[in-house]
Amino acid sequence: MFGYSSRMPAATILHADLDAFYASVEQLLDPSLRGKPIAVGGGVVLAASYEAKRFGVTGGMPGRQARVLCPDLRFVPGNFFEYQRLGDEVFEVCRDFTPVVERISIDEAFLDVTGSVHLFGPASDIAATIRRRVQAEIGLPLSIGVARTKHLAKIASQVAKPDGLVVVEPEDEIAFLSPLPVRLIWGVGPVTGERLAAEGITTIGDLAEESPGRLASLLGQAAGPKLASLARNHDPRRVEVERRAGSVSAQSAVGRMRATPELVSATILHLADRVTSRLRGRQRAGRTITARVRFTDLRSVTRSATLAAAVSTTSIVSTVACELVASALADHAHEREVSLLGVAVSGLEMSPVLQLELPLGLEDQHLRPGTPRSADRWSLERSVDAARERFGRDAVGYASVGLSDRRVPDDFRQLAERPL
DNA sequence: TCTGGGGTCCTAGGACCC
DNA sequence: TCTGGGGTCCTAGGACCC
């Protein structure tokens, strides 16, 4: 009977994930690196090839430790502009099959092909074609998971790696999920994983048998029930094409630094400038300024202040952030050295030309007498921005005084930036 | 010799208002 | 004199993701 067939929705969500992305690009660009254990980075491993991962080398690991695990490990400096270019090319291929592409990072995206199957055939065929094209036209391995929901598709792509395709048909979902470790669930990290393991919960099937109430008392009012419903295979999230960032931040590891006012203000000025020039470039501004200080034992503290109006000027943000750092340091007077400083602006709003008038009275209360009037400074900063647009980001700016040379290149930072 | 950088979301407590 | 509940905003910290 026509109207009564209770067929389940088809598997039309794809999660596409480039394998060991930076390392794969290096092996693509330099054939002599293919099949060899390599790491992008130096002081710290930013990415490792599968050959290196086999030795236990992972991203974020100190270079020295990686060399111990894998003596033949070859370090390459990184072609960051190529990562951006090739990543964009890959997801342009995806867009040939659907406009509904949610890019979640440089190397990863969700696709909804519900509206495309009548043109290109079933989602599994689309996924196979995308993988073939990305390999043939760009030369990179791409793993794809295909399923009915984002949660399932993401897990499927993890299972598919490296260079694989896993399709979870609706009738197979429970059998697919149940035996998998809870750590594969998006949102279950080391702490939650341990907490669950302590209760004897190790597989997604175990998790699905727990009551939401028990999980809520174990993991919190929000996380518990959310996890329970994912484990029971309910995932209402849609693939969303565009999402703007709600905060901007910049931070810098400074090795070990005596927190003198001079070094703090020079570093904070540099970081505030990174953050606010991005804001100004997108006509945005934010009300809340947060400063982060990490001490040498890796404990970190934050201090924040919410202003009456949204701001995007380097001078206001750096002045407020310096005061916040000073207050954090005053609360930890026994700490003599810091290992990281950070600045964030959140509570973002659109900020058209109005920005010129708004902060006038507001910022002056944060500034010493004798500094240029805010409108003058704002137009000065706009001309700095303009010079950067013409001559590049490094053409004009505040020196990054006191930053150790282990610091990550600016090109790499830009890869991680989310569109504002 | 101690893991880099840019983000999101949640929690808990306090201030303040009605 | 002591008593209640709820909403909103802010701050600080933490887990997690890529």
Per-residue [θ]222 nm for chain A (sum of -39500 (n - 2.57) over DSSP H runs n ≥ 4, rounded to 500): -12000 deg cm²/dmol
Amide H within-cut-off set for residue A:203, under 5 Å, with H built and near neighbours excluded: A:182
Peptides A:38-49, A:172-183 ordered by average Cβ neighbours within 10 Å, highest first: A:38-49, A:172-183
Label point 7 Å beyond Cα of residue A:333 along Cβ direction - residues of segment A:228-267 with amide nitrogen under 18 Å: A:259-261
Order by protection proxy (mean Cβ within 10 Å, highest first), peptides A:272-283, A:216-227: A:272-283, A:216-227
Rounded, prolate or oblate (a/c below 1.5 giving rounded, otherwise prolate when a/b exceeds b/c) for chain A by Cα gyration tensor: prolate
Gained length - residue A:68 relative to residue A:223, 0.36 nm times residue gap less alpha-carbon distance: 52.0 nm
Contact order relative to length of chain A, as percent, for alpha carbon pairs under 8 angstrom and 6 or more apart: 14
Chain A: angle of helix A:150-160 to the longest principal axis, Cα-based, in degrees nearest 10: 80
Rough spin-label spacing in nm, given labels placed 7 Å along Cα→Cβ, for residue A:137 and residue A:82: 2.0
Most to least packed among A:189-200, A:144-155 [average Cβ atoms within 10 Å]: A:144-155, A:189-200
C-alpha center-to-center spacing [segment A:214-248, segment A:126-148] in angstrom: 28
Net charge contributed by nearby residues that have their C-beta within less than 9 Å of residue A:303 (K/R +1, D/E -1): -1
Sequence of A:61, A:350, A:257 once ranked by neighbouring C-beta atoms within 10 Å, starting from the fewest: A:350, A:61, A:257
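None of the figures in this text is laboratory data; all of them are computed from the coordinates on show. Not measured: the values here are computed from a predicted model. As a convention, Cβ positions derive from the backbone with ideal geometry for all residues, glycine included, and neighbour counts pool all protein chains shown.
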